[in-house]
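Here's the structure we're looking at; comments come further down.
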Amino acid sequence: MRKKFIAGNWKMYTTAAAAKALAEGVAKGVTGNAVTVAVCPPYPWLGLVADAVKGSGVAVGGQNCHHAAEGAYTGEVSPQMLLDAGCQYVIVGHSERRHGLGEPDRFLNLKAKAATAAGLKVIFCVGELLAEREAGLTEDVIWFQVAAGLNGLSADAVSKLVIAYEPVWAIGTGKVASPAQAQEVHAFIRKGFARQYGDAAAGALAILYGGSVKPDNAAEILRQPDVDGALVGGASLKVDSFLGIVRAAV
Ligand code: PGA
C-alpha cells in the first residue's frame, strides 16, 4: 500500500504574515501520519514556514531550484540552500515553469539530478496541453517528459522521486480531469516505470494528480488505484480547504 501524499503549492502567493498563519494552521490540523503532507511556499518564506511546522508531521518543499551547487546565477537557489532552509522536497518542471518560463526538458533533467543527488525528494511534474490531448498525443507527451526528465538518474534517485501528473488545461482553470482521465494517465506512467525501472520501483512510485483539486472533488480522484495523492495550488492557500483535501486522502 502506497501512503497518500498531499502537497500544497503556494506559487507566488502569501505575505509573510499569511504564510506563517497558513503554515501554523496546517501544522495544527494535520494529526497522525496516515498521509504525507508538504507545503511549498515562496522562497523568502521557507525559513519561517519551516519554523512554523517544526515538530508537526508537515514537510516543506521549494517550488524550484537551480542545478548548480553554487555560482554566478542571479536570482537562483541551489538544492543545498533549500535543504539548509528546512526543505525535504522540491517541485521540478511545473507547467508554469515549462510553459510559462520556457524551461526545457534538458534543464529539468539537470535539476532533477542535482536535487536528488543533494538529498531532496523531487516532485517531478509532467502534463499535456489541451491541444496535445485533443490531438491524441497525451501519452507521447507524458512519456517524453518523463523519459527526458529522468534520463540518467540512478535507480536510487528514481526511488526517491514523486511524479505529479498535471494536465496543463486543468491547472488553475477549475476544469479538473475526470477521475477516469487521471487514472488512465497515472496507470500509463506506472506501466512505463515498470518497463524502465522494474515492477518494484513502479509499485513504490507515488504519482500525484494536480489541477483544480478541491475538497469536494478530492475523494473521488484519490480513490483511483493509481492516484497516490495530489499537488494542490489554489485550494492550498486556505487552511480549511487544504485540510479538507488531506482528510479526503485518509
Ligand atoms: P491548481 O494548481 O490546484 O490551482 O489548479 C495546481 C498546481 O499548479 O500545482
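The values are calculated or read from the model by the stated rules, or taken from the named source; none is laboratory data. Owing to the predicted nature of the structure, the values given are computational and were not obtained by experimental measurement. Cβ placement follows ideal geometry from the backbone for every residue including glycine, while neighbour counts extend to all protein chains displayed. These accessible areas exclude ligands, DNA and RNA; they are computed on the full protein's heavy atoms, side chains included. Shrake-Rupley method; radii C 1.70, N 1.55, O 1.52, S 1.80 Å.
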Legend entry - Residue satisfying all of: in segment 158-186; open to solvent by 30 Å² or more (accessible area, probe 1.4 Å) and under 23 Å from ALA114 (Cβ atoms); nearest to the ligand (Cβ to nearest atom) among these: LYS160
Legend entry - Filter pass, ASP216 being more than 11 Å from the ligand (Cβ to nearest atom), open to solvent by less than 30 Å² (accessible area, probe 1.4 Å), at pLDDT 95 or above and of a type in the set (Asp, Glu): no
Legend entry - Residues satisfying the stated conditions in segment 190-234, i.e. among the charged types (D, E, K, R), in contact with a strand residue (DSSP E or B) (Cβ under 7 Å, 6 or more places away or on another chain) and within 20 Å of GLY149 (Cα to Cα): ARG190
Inset, instruction - From (1) aliphatic (A, V, I, L, M); (2) touching a residue at least 40 places away in the same chain (Cβ under 8 Å); (3) out of contact with any strand residue (DSSP E or B) (no Cβ under 8 Å at 6 or more places or on another chain); (4) closer than 15 Å to GLU139 by Cβ, pick out the condition that doesn't hold for ALA187. - result: (2)
Inset, instruction - Examine segment 80-101 for a residue that is open to solvent by 10 Å² or more (accessible area, probe 1.4 Å), of a type in the set (Ser, Thr, Tyr), within 14 Å of the ligand (Cβ to nearest atom) and touching a strand residue (DSSP E or B) at 6+ places or on another chain (Cβ under 8 Å), and state whether such a residue exists. - result: yes
Inset, instruction - Please enumerate the residues belonging to segment 142-157 that are under 17 Å from GLU103 (Cβ atoms), open to solvent by 50 Å² or more (accessible area, probe 1.4 Å) and hydrophobic (A, V, I, L, M, F, W, C). - result: PHE144
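Before we move on, is LEU83 more than 21 Å from ALA201 (Cβ to Cβ), touching a His at 6+ places or on another chain (Cβ under 7 Å) and in a helix (DSSP H, G or I)?
no
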Legend entry - All positions within segment 1-47 that are under 23 Å from VAL92 (Cβ atoms), open to solvent by 40 Å² or more (accessible area, probe 1.4 Å) and of a type in the set (A, V, I, L, M): MET12
Legend entry - Complete set of residues in segment 12-25 that are under 14 Å from LYS238 (Cβ atoms) and not in a helix (DSSP H, G or I): TYR13, THR14
Inset, instruction - Collect the residues in segment 86-121 that are in contact (Cβ under 8 Å) with a residue 60 or more places away in the chain and assigned to a loop (DSSP other than H, G, I, E, B), keeping them in residue-number order. - result: HIS94, HIS99
